[in-house]
1. Considering (1) under 20 Å from ILE32 (Cβ atoms); (2) open to solvent by 70 Å² or more (accessible area, probe 1.4 Å), say which one SER76 fails and leave the rest.
2. Just to verify a result, which residue in region 43-70, among those that are in a loop (DSSP other than H, G, I, E, B) and not β-branched (Val, Ile, Thr), is surrounded by the most Cβ atoms within 10 Å (Cβ to Cβ)?
3. If you go through region 86-99 one residue at a time, do you hit one that is open to solvent by less than 30 Å² (accessible area, probe 1.4 Å), over 16 Å from GLU144 (Cα atoms) and of a type in the set (Gly, Ala, Ser)?
4. Criterion first (touching a residue at least 24 places away in the same chain (Cβ under 8 Å) and either touching a Pro at 6+ places or on another chain (Cβ under 7 Å) or loosely packed, with under 12 Cβ neighbours inside 10 Å (or both)) does LEU34 satisfy it?
5. Looking only at region 19-75, filter to residues that are more than 15 Å from the chain's Cα centre (by Cα) and polar (S, T, N, Q); which one of those is farthest from LYS135 (Cα to Cα)?
6. Which numbered condition in (1) modelled with pLDDT of 90 or more; (2) touching a Phe, Trp or Tyr at 6+ places or on another chain (Cβ under 7 Å) is the only one that ASN10 fails?
Amino acid sequence: MTHIYQIEVNKMRITEINKIIKPVEYAGEIFINLQELDNLLKTDFRIEMEECLITPYYIQDNKRMELYQYEFCCTSELDFEEYILKLTGKQKIEEISKEIYCLRKKCFSTCDEPNGLAYYLKFLLDNKHLKKEIKKVFGDYIVENLYVVVY
């Protein structure tokens, strides 16, 4: 009896995404273009999420801006409330400002949430405050200059 094994080509772990999207190396780190990642997610390609941190950056004219306040956390160990309490050092959810709570909620996912990464990327790409911050530093905002580093 012969067994045929089918390899799922349209699926990859998030930490291996630089094999599909051509990375950019800058200052010794590997950057993935955020818009290319978003476009990939809009196809039938599936990214298998695992525990990771994804930090966004804006890179222009050989300068980079780390957008650490928008860092994405994907975990299987904590739910959102446990995560935000640990992150802020607070004892109760009520002690956390609504602004911080909402921002961190959009930058968090558990590994088993199928669309967590897609929602996060949409949040970054549509974020008017983020665009305003970048324009203030660089004078303009070019979406193609948004990158992420996956840790």
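1. All conditions pass for SER76, except number (1).
2. Our first condition is that a residue be in a loop (DSSP other than H, G, I, E, B); within region 43-70, this holds for 43-45, 49-51, 61-62, 67.
Checking the rest, the ones that are also not β-branched (Val, Ile, Thr) come to 44-45, 49-51, 61-62, 67.
Working: ASP44: 7, PHE45: 14, MET49: 21, GLU50: 14, GLU51: 14, ASP61: 8, ASN62: 7, LEU67: 19.
Per the stated criteria, the residue is MET49.
3. Going residue by residue through region 86-99, those that are open to solvent by less than 30 Å² (accessible area, probe 1.4 Å) are 96.
Next cut, over 16 Å from GLU144 (Cα atoms) only: 96.
When the remaining residues are screened for being of a type in the set (Gly, Ala, Ser), the result is none.
No: zero hits.
4. Values: touching a residue at least 24 places away in the same chain (Cβ under 8 Å): yes; either touching a Pro at 6+ places or on another chain (Cβ under 7 Å) or loosely packed, with under 12 Cβ neighbours inside 10 Å (or both): yes.
Spelling it out, LEU34 is indeed touching a residue at least 24 places away in the same chain (Cβ under 8 Å) and either touching a Pro at 6+ places or on another chain (Cβ under 7 Å) or loosely packed, with under 12 Cβ neighbours inside 10 Å (or both).
5. It comes out as THR43.
6. (1)
The values are calculated or read from the model by the stated rules, or taken from the named source; none is laboratory data. On a predicted model such as this, the values are computed, not experimentally measured, just so you know. All Cβ positions, even for glycine, are placed from backbone atoms using ideal geometry, and neighbour counts span all protein chains on display. Accessible surface is based on the protein model in full, side chains and every heavy atom, while ligands, DNA and RNA are left aside. Shrake-Rupley method; radii C 1.70, N 1.55, O 1.52, S 1.80 Å.
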